[in-house]
Amino acid sequence: MTELPSYHPIELETTTFDLIVVGTGIPESVIAAAASATGKTVLHLDPNQFYGSHSASINLNDLTSFLNYHANLPSTTAANTTSASSSHDFTALNLSLRSLYSNVETANYAPETLAQHSTKFRVDLGGPRVFLCADKATDLLIKSGINAYLDFKGIEASFIWDGSGRLCDVPDSRSAIFKDKSLSLLEKNQLMRFFKLVQRHLGASNGDDEGRESSKISEEDLESPFVEFLKKMRLPPKIKSIILYAICMVDYDQDNLEVCKSVLKTRDGMERLALYQNSIGRYGASGALLYPTYGLGELSQAFCRRAAVKGCIYVLRMPVTALLMDQNSGQYKGVRLASGEDFFSHQLLLDPTFIVPLPPASSPPDLRESFQVLSLKDDKRKVARGICIINSSLKPDISQFLLIYPPRSLFPQQDTSIRALQIGGDLDKMAVCPSGMFVLYFSGLCDDAGQGKRLLHGAMNALLTLPVSESGSAAGSEDAEVKPTLLWSMLYIQELTTVPTGQYENIISTPMLDGNINFSDLIESTVVLFQKMYPDEVFFPETPSSPEVPENSEDDTELSLEN
């Protein structure tokens with residue numbers, strides 16, 4: 001029998017807090033920092049030896065261990081057992097874990113090389129993901145003061161897969177349109193006219209002097225599917241695909257309502273176009289997208305550092321084993337740690353791995369009903385994610401770029417967009433992998449593991465030289481010699497969960513990372529959670545600069561963008 005690890009007591013001066021947080025993912029870290037900023041006492045725990053939980057950036061060994069552990073959790077858990085303490089009037093309910101990852105598939109084609117550099121990687125567990133310069137997530141970094149702890153680099157370019165093996169530029173500005181050699185003169189004029197129409201509509205909607213009421217798009221068109229409005233504008237399929245999937249970042253095939261699970265309205269399409277255009281060039285970036293140095297896991301760590309400045313206490317490598325419930329009322333009291341210590345709080349925030357147990361059968365019926373709404377709702381969709389390490393860039397002289405595969409661009413059954421993000425390769429740039437190597441992330445929404453793996457394999461095979469194909473023969477095409485060689489890959493399926501909209505009690509579960517390319521929806525749902533927990537508190541109140549917060553050489557209302 002495997003001997004369980006021992007955990008030393010943390011022996012804090014106090015055992016009671018306003019809030020206990022378990023897990024250091026982005027939602028948990030944001031709420032811990034926001035609660036600390038309002039003066040709440042917070043104890044922040046994580047069973048892992050690293051920060052970030054499901055949004056961590058970790059080395060290859062930790063990544064493999066994390067995914068394999070979570071993918072192989074028991075499908076059934078033992079019934080909850082209760083125990084009473086002779087010195088306290090509470091009952092301990094054992095916590096169990098849900099499996100949020102499955103179908104982990106690893107291939108290593110250069111074991112000796114990677115073994116020498118395994119600790120030099122900082123691989124994103126929840127990639128691909130970037131920041132839009134003007135979105136809510138980026139604004140939060142500045143409002144909360146987190147920008148003092150982060151450095152960013154701009155994503156150098158965006159491309160779209162044209163279905164014939166070419167990576168075409170995404171012409172997202174007037175200058176980019178004129179420079180794009182893949183567009184005909186007619187296509188350039190059509191795209192320019194469309195962008196001018198969008199600008200006039202947005203100007204009129206915002207009440208700008210340059211925008212006239214007559215320039216507004218009609219309400220009928222705004223409520224219609226965006227794809228129909230683009231057809232009405234007589235935009236060719238290529239331009240329509242760029243707008244829908246590479247700029248508006250739509251997930252599903254908008255031309256096929258039978259498989260499209262989310263139709264984008266013209267009103268929402270205009271908002272996404274405005275966000276993208278407002279992001280271009282902000283903070284000195286050449287494009288619209290940003291990526292943090294050292295990986296996306298730095299975001300969680302930055303919020304944790306902000307919380308620590310405000311007094312939050314952090315303990316890593318400390319599992320929570322049970323909930324402590326009042327024996328008489330059945331109400332939540334605290335948690336029991338793997339060290340055997342008990343800590344108490346008014347509220348508990350759990351990462352989505354944990355399954356909240358029901359109170360004992362002897363508890364009042366209304367209490368049992370309130371606990372049932374605390375568990376996360378399962379989203380039937382899943383996210384197929386892939387991480388590849390390659391020996392050269394897909395595009396010469398470009399290290400960081402985003403690539404979009406529109407629906408149907410790889411094979412007829414491809415119902416969703418696939419997104420790929422290349423990050424590399426020198427330690428003095430992104431610092432996520434050794435010099436001469438690049439990390440390539442893939443993701444796509446899917447209904448099941450089989451569909452998800454087909455999406456990932458299709459995207460990989462279109463770009464990379466695979467040493468061995470699934471049939472055992474050499475893979476590649478006539479131009480295989482110009483493709484980067486795959487050194488290592490890990491493919492896996494991630495479950496999606498959503499927080500239910502109901503009456504929240506003292507125990508709250510955070511949502512899992514979604515399938516988006518940006519953080520906007522995740523941050524928005526996190527803000528909603530905080531406001532439900534603390535309806536009378538301001539989410540990150542503005543306070544004068546503290547000497548404990550590191551000073552930026554630049555304006556503290558800006559992001560630090562490295563050259």
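The values are calculated or read from the model by the stated rules, or taken from the named source; none is laboratory data. Here the structure is a predicted model, which is why all the values come from computation and not from measurement. Cβ placement follows ideal geometry from the backbone for every residue including glycine, while neighbour counts extend to all protein chains displayed. Each accessible area value is taken on the protein alone, full model and side chains, heavy atoms only, with ligands, DNA and RNA left out. Shrake-Rupley method; radii C 1.70, N 1.55, O 1.52, S 1.80 Å.
Exactly one residue among ARG174, ARG193, ARG166 is closer than 20 Å to GLY284 by Cβ and over 19 Å from the mean Cα position of the chain (by Cα), and that residue is ARG174. Restricting to strands (runs of 3 or more DSSP E) lying wholly in segment 287-353: which have 2 or more residues that are open to solvent by less than 40 Å² (accessible area, probe 1.4 Å) and either under 18 Å from ILE508 (Cβ atoms) or among the charged types (D, E, K, R) (or both)? Here the list reads 320-326, 332-337, 342-350. Total residues in segment 37-70 satisfying the condition of being of a type in the set (Asp, Glu) and not in a helix (DSSP H, G or I): the figure is 1.
Looking across segment 75-112 at every residue that is among the acidic types (Asp, Glu) and modelled with pLDDT of 90 or more, the one that is most open to solvent (accessible area, probe 1.4 Å) is identified as GLU112.
Residues in segment 38-52 that are over 28 Å from SER6 (Cβ atoms) and charged (D, E, K, R): LYS40 alone.
For every residue, the table says whether it meets (1) hydrophobic (A, V, I, L, M, F, W, C); (2) surrounded by 19 or more Cβ atoms within 10 Å (Cβ to Cβ).
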position	(1), (2)
MET233	yes, no
ILE242	yes, yes
ILE247	yes, yes
ASP253	no, yes
GLU271	no, no
GLY281	no, no
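In this entry, LEU275 passes the filter for residues that are in a helix (DSSP H, G or I), of a type in the set (A, V, I, L, M) and open to solvent by 10 Å² or more (accessible area, probe 1.4 Å). In segment 508-535, the residue that is farthest from the chain's Cα centre (by Cα) out of those that are among the charged types (D, E, K, R) and either in a loop (DSSP other than H, G, I, E, B) or more than 22 Å from THR38 (Cβ to Cβ) (or both) is ASP521. Does segment 387-409 contain at least one residue that is modelled with pLDDT under 90, part of a loop (DSSP other than H, G, I, E, B) and not small (Gly, Ala, Ser)? Taking every residue of segment 387-409 in turn, at least one turns out to be modelled with pLDDT under 90, part of a loop (DSSP other than H, G, I, E, B) and not small (Gly, Ala, Ser). From the set of residues in segment 478-506 that are crowded, with 19+ Cβ neighbours inside 10 Å and among the aliphatic types (A, V, I, L, M), which is modelled with the lowest pLDDT? Step by step, filter segment 478-506, then rank; the result is VAL499. Just one of the listed residues (ASN48, ASN59) is within 18 Å of PHE354 (Cβ to Cβ) and either surrounded by fewer than 24 Cβ atoms within 10 Å (Cβ to Cβ) or modelled with pLDDT under 95 (or both), and it is ASN48.
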